[in-house]
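Derivation of every value follows stated rules applied to the coordinates shown; laboratory data play no part. Computed from a predicted structure; not experimentally measured. As a convention, Cβ positions derive from the backbone with ideal geometry for all residues, glycine included, and neighbour counts pool all protein chains shown.
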C-alpha cells in the first residue's frame with residue numbers, strides 16, 4: 001500500500017468553480033502536510049503547508065487536514081485559468097525534509 | 001536570485017552510457033535532494049543530503065550515486081544508464097529547522113535513455 005494516495009483526476013472545471021483536491025495517507029505518524037503546484041515543464045512550488053490537524057487559508061486557497069480520517073484536502077475558490085496546473089500533496093513525519101508525494105492531480109480551468 | 005539551478009536541462013543517452021546531473025543552490029541551505037518524476041506519478045526520492053558531507057538513500061536509489069561536493073552543490077551520477085531511468089529529475093533544497101518545510105525545486109532535467 002502506498003503511503004499517500006491522491007485522487008487521480010484529471011479535473012476540468014469552468015472558471016469561477018470551487019475545486020476540491022484530495023489525498024489520503026496510511027500512517028497516523030505523519031505530522032506535516034503540504035500542497036505543491038507544478039506548472040507544465042516546471043519544478044513544483046510550495047502552495048500551502050499545514051502542521052497537524054486543522055485548516056489554513058491563504059487567499060483563494062484553503063488546506064484542510066483531518067488526522068482522524070487520515071485525509072487532506074485543498075480547496076480553490078473562484079478558480080482561474082492561471083490555476084491550471086498539476087497539484088501534488090506531500091506528507092512528512094518530521095521537519096527534516098524527507099517528504100512522500102502523491103501522484104498529482106492535473107487541473108484545467110476553462111475560461 | 002537564481003535559487004536552485006540544474007544542468008543540463010535536456011539529455012539523451014544511449015544505454016550503458018554514464019553521465020552526471022549537476023545541481024547548485026545559492027540560498028545557503030543545508031539539505032539537498034534528488035527526485036525523479038515519471039509520467040502520471042509524483043516525485044520519488046532518489047538520494048538526499050542532510051548537510052555537507054552526508055548522503056543517504058531515498059526510496060529509489062538503485063542505479064544512482066551522489067556527491068555532496070560542498071554546501072552549494074549536489075550531483076547525481078548514472079554509471080550505466082538504462083531505459084528505465086528515462087525520467088524528469090528534480091533537485092531541491094531546504095533549510096532544516098524552519099517551521100515552514102518548504103523545499104525549493106530546480107527546473108528539472110529531462111533525461112531520455114535509448
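Is there a simple number for the mean count of other chain Cβ atoms within 10 Å of the Cβ of residues in A:86-93, and what is it?
For peptide A:86-93, the averaged partner shielding equals 2.
Please report the relative contact order for chain B, taking Cα pairs under 8 Å with a sequence separation of at least 6, and give it as a percent rounded to a whole number. If you can, show how the numbers build up before the last one.
Values: 292 pairs, mean separation 40.6, N = 114.
Relative contact order, chain B: 36 percent.
Using a Gaussian network model of chain A with C-alpha springs under 10 Å, which one of A:24, A:50, A:94 is most mobile by mean-square fluctuation?
Checking each option, the largest mean-square fluctuation is seen for A:94.
Give the peptides B:61-72, B:26-37 in descending order of average Cβ contacts within 10 Å, highest first.
B:26-37, B:61-72
Comparing A:91, A:18, A:76, which has the greatest mean-square fluctuation in the GNM of chain A with Cα pairs linked when under 10 Å apart?
In the Gaussian network model the winner is A:18.
Shielding by partners for B:38-46, please: the mean number of other protein chain Cβ atoms within 10 Å of each residue's Cβ.
Across the residues of B:38-46, the mean count of other-chain Cβ atoms within 10 Å is 5.
Over chain A, what is the relative contact order in whole percent, taking alpha-carbon pairs under 8 Å and six or more residues apart? Could you put the intermediate results ahead of the total?
On the way: 281 pairs, mean separation 41.1, N = 111.
In percent, rounded to a whole number, it is 37.
How many nm separate the modelled label positions at residue B:84 and residue A:82, each set 7 Å beyond the Cα in the direction of the Cβ?
4.3
Can you give me the Rg/Rh ratio for chain A, using Cα atoms for both radii and the Kirkwood formula for Rh?
On the way: Rg = 13.3 Å, Rh = 14.0 Å.
Rg/Rh for chain A comes to 0.95.
Using only the Cα atoms of region A:39-94, build the gyration tensor, take square roots of its eigenvalues as a ≥ b ≥ c, and label the shape rounded, prolate or oblate: rounded if a/c is under 1.5, else prolate if a/b is larger than b/c, else oblate.
Judged from the Cα gyration tensor, region A:39-94 comes out oblate (a/c at least 1.5, b/c at or above a/b).
Once you order the gyration tensor axes a ≥ b ≥ c over the Cα atoms, which shape class does chain B get: rounded for a/c under 1.5, otherwise prolate or oblate by comparing a/b with b/c?
Here chain B falls in the prolate category.
Contact order normalised by length for region A:1-48, with contacts defined as Cα pairs under 8 Å and 6 or more residues apart; what percent is it? Could the numbers behind the result be given before it?
Working: 35 pairs, mean separation 14.5, N = 48.
Once normalised by length, the contact order is 30 percent.
Whole Å is fine, so just give me how far the alpha carbon centre of region B:70-92 lies from that of region A:1-75.
27
How big is the protein assembly as shown in terms of Cα radius of gyration and Dmax, in angstroms?
17.5, 50
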